[in-house]
Amino acid sequence: MPPLLDVRGVNVHFGGNHALRDVDLQVEAGRITGLIGPNGAGKTTTFNVITGLQETTGGRVTLDGDDLTNLPPHKRARKGIARTFQRLEVFGSQTAYENILTSAEIHRGWARDGSDPRAVAEEILHRVGIRAVAGDRVDAMPTGLARLVELGRALAQKPRVLLLDEPASGLDDAESEAFADLLLELAATGTAILMVEHDVALVMKVCEWIHVLDFGAILAVGTAADIQQNQLVLDAYLGAA
Ligand SMILES: Nc1ncnc2c1ncn2[C@@H]1O[C@H](COP(=O)(O)OP(=O)(O)OP(=O)(O)O)[C@@H](O)[C@H]1O
Ligand SMILES: [Mg+2]
């Protein structure tokens, strides 16, 4: 079966900085795929390319065979691509519930799927495990919880592909373990997840397939076991930790 999300031959230049070099990356439905690598390797830039926020100097992005390359971000979102940001993007003055509700209302506005945004928001609060803080303002929350609110906002768009940029930063060990279970549950419902994360233990635990980016190029692709034994990856990233 072809991959759900297929990134082929993507190049990005920032002036003289060749930030992405012929990047290929595939993401499958129902699976958690990891994208790891050192700071500045190009992981967030890859997310920006997939979501349409970053122009390229060549390459294609297709979703289920549908070419998204020339679509603006909101149209890609409507096709089923949702993301969270490395630098949190939430409405700080709103509560967790209001943040997710707003996203569910926007989704219903264009999807016209007859969904009840309040019911959707309630269900997501429960699923993400933040019902206890539903009424709290997000700017008063610890970062880890605020990141879960942002994840809830992304889920309210009912994505086929979910891109998570360092979702576990700010989580303690117990929260990180609960988060791993949540990711596995989401994938089990068929959602494709692509996760950028520096918490290597989490990546190795949940990712069936891992891409390693270094200096803008894919250095290695494989299972957690392959990646942990790959000498190039050990030299460039894992061994340095
Ligand atoms: N908007 C921009 N303008 C100019 N250069 C940029 C821009 N965004 C990123 N870069 C550069 O592109 C390269 C890749 O950055 P990117 O943020 O994608 O890395 P990353 O892998 O996400 O790193 P980190 O793990 O630190 O988040 C870096 O050299 C960075 O300085
Ligand atoms: Mg980044």
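Just so it is clear, none of the values below were taken in a lab; they were calculated from the coordinates. Bear in mind that the values here come from a model prediction, so they are computed numbers and not experimental data. With ideal geometry, Cβ positions are generated from the backbone for all residues, glycine too; neighbour counts draw on all protein chains shown.
Place +1 on the Cβ of every Lys and Arg and -1 on the Cβ of every Asp and Glu in the stretch 70-130, take the dipole about the Cα centre, and give the residue among G114, H126, Y97 whose Cα lies farthest towards its positive end. Farthest towards the positive pole: G114.
Rounded to whole numbers, the Karplus 3J(HN,Hα) couplings from phi for the stretch 95-106 are 6, 4, 4, 5, 4, 6, 4, 4, 5, 5, 5, 4 Hz, using 6.51 cos²θ - 1.76 cosθ + 1.60 with θ = phi - 60°, and x at Gly and Pro.
For the stretch 92-157, a simple Cβ point-charge model (Lys and Arg +1, Asp and Glu -1, everything else neutral) yields a dipole of about 80 debye relative to the Cα centre.
Take every pair of alpha-carbon atoms less than 8 Å apart whose residues are at least six positions apart; their mean separation over the length of the chain yields a relative contact order of 28 percent.
When +1 charges are put on Lys and Arg Cβ atoms and -1 charges on Asp and Glu Cβ atoms, the dipole computed for the chain relative to its Cα centre reaches about 760 debye.
Answer with one residue from I36, L145, G15: the one whose Cα lies farthest towards the positive end of the charge dipole of the chain, charges on Cβ with Lys, Arg +1 and Asp, Glu -1. About the Cα centre, the residue reaching furthest to the positive side is G15.
When DSSP beta bridges are restricted to pairs lying wholly in the stretch 48-197, around 25% turn out antiparallel. Using a simple spin-label model with pseudo-atoms 7 Å out from Cα toward Cβ, I106 and D181 lie 3.0 nm apart. Subtracting the Cα-Cα distance of Q231 and Q86 from their residue separation scaled by 0.36 nm leaves 49.4 nm. Think of the chain as a dipole: +1 on every Lys or Arg Cβ, -1 on every Asp or Glu Cβ, centred on the Cα centre; then among T51, S176, T84, T51 lies furthest on the positive end. Annotation for the stretch 1-70 versus the stretch 71-145: alpha-carbon center distance of 24 Å.
For the stretch 92-157, the relative contact order comes to 51 percent (Cα pairs under 8 Å, sequence separation of at least 6).
Exposure proxy shown here: for M195, M1, M204, the number of other Cβ atoms within 10 Å sets the order, fewest to most, as M1, M204, M195. Sequence-distant contacts, meaning Cα pairs under 8 Å at least 6 residues apart, place the relative contact order of the stretch 1-107 at 25 percent.
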